[in-house]
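Worksheet for the structure shown next.
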Amino acid sequence: MPAVADTDEKMLKNFFVKKIENNTEQVQSAIIAMETLLEAIKIDKSSTTIMELIDRLGNVRKLLADIDIVPQKASIKSGSELFLRFTTMMISDIMHQSSDFDKVKEALIDRGAQCIATMKLCREKAVRHFQTFVPESARVLIHGYSRAVADAIRLAAVNGRLKCVYQTKLSTASTDDEERGKFLKEISDAGIECYEVLSESVAYLMERIDVVILGAEAVVESGSVISSIGSYGVAITADVHKKPVYVICESFKFMRSYPMKQMEVEQDHKYTDGDKGHPIGDLTPAKFVTLLITDLGALTPAAVGHHLIQLYSG
């Protein structure tokens with residue numbers, strides 16, 4: 001299998017890292033991975049056949065998964081797979097129109113750009129779909145920090161649907177602490193009661209909660225959700241108290257994987273340092289998720305596997 005040239009590897013690593021570090025628009029890391037794959041097509045000079053190019057893109061995807069700047073890799077994996085599927089699934093039609101390799105690459109670049117443009121709209125669509133599920137004067141509990149969840153809460157606040165927001169404080173340090181603090185201040189300044197609460201207090205608070213909202217790093221084929229550590233426990237507590245648990249996420253986070261228990265989730269989706277440190281993510285079984293609120297609409301967890309089969313079959 002053709003390897004990525006050393007100069008290209010260095011260039012693509014720098015491209016990805018700079019995009020992550022200068023992410024003022026809060027673009028999802030999965031989309032930045034897609035942009036890096038698109039850049040890989042643009043700068044490729046050594047591929048002479050479409051299969052060589054596809055093999056090189058596969059190596060670039062593996063390269064991105066090994067960069068430590070992003071703690072959780074699940075969404076990068078799912079987003080990269082989707083990008084490669086989207087750009088290459090019509091390859092036979094493209095080659096039928098032209099056998100010129102440079103023109104084929106141009107067509108792949110166009111398809112890749114279309115894919116990225118479409119994926120950038122996913123969060124906004126999911127946020128809008130969620131508004132239907134916010135009860136009047138809702139008291140909501142948020143666990144962890146998700147940009148999609150934050151945007152959904154902002155819009156619900158603007159629409160006057162919220163009474164109170166409880167945001168859990170994780171026991172371990174998080175790279176999202178600063179963003180979460182700014183978000184809480186913003187919601188409080190909008191006149192919404194807002195409390196940062198210890199994760200250990202969730203069971204105590206649950207009886208006064210109307211809706212539990214989780215984000216997702218990835219959603220696996222069973223409909224189970226990989227998310228911030230503690231999400232599993234929060235979902236179990238909500239289930240005991242008969243409270244709905246909504247997961248707001250983009251469909252490009254649907255991942256072809258079928259872990260049945262915590263230990264079957266890939267290690268780099270749960271840990272930043274092998275399996276020696278404190279886990280940063282866990283798997284919430286589908287039975288504890290009421291609905292997935294996505295750009296495709298509100299889905300039951302069971303619908304995820306069907307969507308993936310349709311997307312990747314044939």
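The values are calculated or read from the model by the stated rules, or taken from the named source; none is laboratory data. Quantities reported herein were computed from a predicted structural model and do not represent experimental measurements. With ideal geometry, Cβ positions are generated from the backbone for all residues, glycine too; neighbour counts draw on all protein chains shown. All accessible areas refer to the heavy atoms of the entire protein, side chains included, with ligands and DNA or RNA removed. Shrake-Rupley method; radii C 1.70, N 1.55, O 1.52, S 1.80 Å.
Just a few scattered comments:
- Filter result (among the hydrophobic types (A, V, I, L, M, F, W, C) and within 11 Å of K120 (Cα to Cα)) within the range 10-31: V27, A30, I31
- Members of the range 14-32 that are assigned to a loop (DSSP other than H, G, I, E, B), surrounded by 10 or more Cβ atoms within 10 Å (Cβ to Cβ) and either in contact with a strand residue (DSSP E or B) (Cβ under 6 Å, 6 or more places away or on another chain) or polar (S, T, N, Q) (or both): N23, Q26, Q28
- Output for the range 235-247, where each listed residue is open to solvent by less than 10 Å² (accessible area, probe 1.4 Å) and part of a helix (DSSP H, G or I): A235, A238
- Looking only at the range 33-55, and only at residues there that are among the charged types (D, E, K, R) and touching a residue at least 24 places away in the same chain (Cβ under 8 Å), the one that is surrounded by the fewest Cβ atoms within 10 Å (Cβ to Cβ): K42
- Contact annotation: residue pairs with Cβ atoms under 6 Å, 6 or more positions apart or on different chains, pairing a residue in the range 222-236 that is within 9 Å of P285 (Cβ to Cβ) with a partner that is open to solvent by 10 Å² or more (accessible area, probe 1.4 Å) and in a strand (DSSP E or B), are Y232/D282.
- Flag if G230 is buried (at least 20 other Cβ atoms within 10 Å of the Cβ), within 27 Å of A33 (Cα to Cα) and in contact with a His (Cβ under 7 Å, 6 or more places away or on another chain): yes
- The set of residues in the range 130-156 that are touching a Gly at 6+ places or on another chain (Cβ under 9 Å) and surrounded by 19 or more Cβ atoms within 10 Å (Cβ to Cβ) comprises I142, H143, G144, Y145, S146, A148, V149, A150.
- Among residues of the range 240-261 being among the β-branched types (V, I, T) and within 14 Å of V225 (Cβ to Cβ), the one that is nearest to the chain's Cα centre (by Cα) is I248.
- Of everything in the range 184-226 that is touching a helix residue (DSSP H, G or I) at 6+ places or on another chain (Cβ under 9 Å) and of a type in the set (S, T, Y), the residue that is least open to solvent (accessible area, probe 1.4 Å) is S224.
- 2 or more residues more than 20 Å from the chain's Cα centre (by Cα), over 29 Å from L296 (Cβ atoms) and among the aromatic types (F, W, Y): qualifying strands (runs of 3 or more DSSP E) within the range 128-202: none
- Out of D268, D282, sole residue that is modelled with pLDDT under 95, assigned to a helix (DSSP H, G or I) and touching a helix residue (DSSP H, G or I) at 6+ places or on another chain (Cβ under 8 Å): D268
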